[in-house]
1. Expressed as an acute angle from 0 to 90° and rounded to the nearest 10, what is the orientation of the C-alpha long axis of helix 55-67 relative to the principal long axis of the chain?
2. Cα to Cα, under 19 Å, and not fewer than 8 places away if on the same chain: which aspartates and glutamates meet these conditions relative to Lys107?
3. In Å², what does the accessible area per residue of the chain work out to with a 1.4 Å probe?
4. If you find the alpha carbon centre of region 1-34 and of region 70-115, how far apart are they in angstrom?
5. With +1 on each Lys and Arg Cβ and -1 on each Asp and Glu Cβ, how big is the dipole of region 42-108 about its Cα centre, in debye rounded to the nearest 20?
6. Carbon-plus-sulfur fraction of the accessible area of region 14-158, 1.4 Å probe, in percent?
7. Could you give the dipole magnitude of region 105-158 about its Cα centre, charging the beta-carbon of Lys and Arg +1 and that of Asp and Glu -1, in debye to the nearest 20?
8. With mean projected area of the Cα convex hull in nm² defined as stated, name the option among (i) 8.3; (ii) 8.8; (iii) 11.1 computed from the structure displayed.
Amino acid sequence: MEKNDRLYMELALQEAREAARKGEVPIGAVLIGGEEVLGRGHNLREKNQDPTAHAEIIAIQEAARKMGTWRLENCTLYVTLEPCPMCAGAIMLARIKRLVYGAQDPKGGAIESLAKLYALEGFNHKVAYQGGVLGEECGKILSDFFQDLRKGRVSESG
């Protein structure tokens, strides 16, 4: 774990909380270059009715606009849940140097849980990764959300 991993994961958790306030699955992401936040995102699939509106994709798009390039080399993406195959691919294609995630996703995680995309040989870019950073907190926000959803206590407010 690097020096500021917990700090930046806290920022991703803030994004996840914002998603929950909007009735979205609470996943948040921040993309850091140097020590600067280049992009932020949280799930907006319901609001946008867009299956690609994942926290990671939104943060990557914002950072690319801000930087004026799709090549986000020397950046680190922090996300509260292990990325799905789509997001793992986008992280790789954006040339992001490092991924840090909180909770594992046994039903859709493409880094270590369900699939191991970054372990496959032949891709032209390798992403370093670290899982489990603030994993308990990241998992709790998700489990609380789904518990509330089952009890009918989640509604869209955004």
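1. In the chain, helix 55-67 runs at an angle near 50 degrees to the longest axis.
2. Glu24, Glu56, Glu82, Glu136, Glu137, Asp144
3. 52 Å²
4. 13 Å
5. Details: 9 positive and 7 negative charges, 48 e Å.
Roughly 220 debye, rounded to the nearest 20.
6. 50 percent
7. With Lys and Arg at +1 and Asp and Glu at -1, about 140 debye.
8. Calculated mean projected area of the Cα convex hull in nm²: the matching label is (ii).
The values are calculated or read from the model by the stated rules, or taken from the named source; none is laboratory data. Every value quoted in this text rests on a predicted model; they were computed, and no experiment measured them. Don't worry about glycine lacking a Cβ; one is built from the backbone with ideal geometry, like all the others, and counts go over all protein chains shown. Remember, those area values only see protein heavy atoms, side chains included, never the ligands or the DNA or RNA. Shrake-Rupley method; radii C 1.70, N 1.55, O 1.52, S 1.80 Å.
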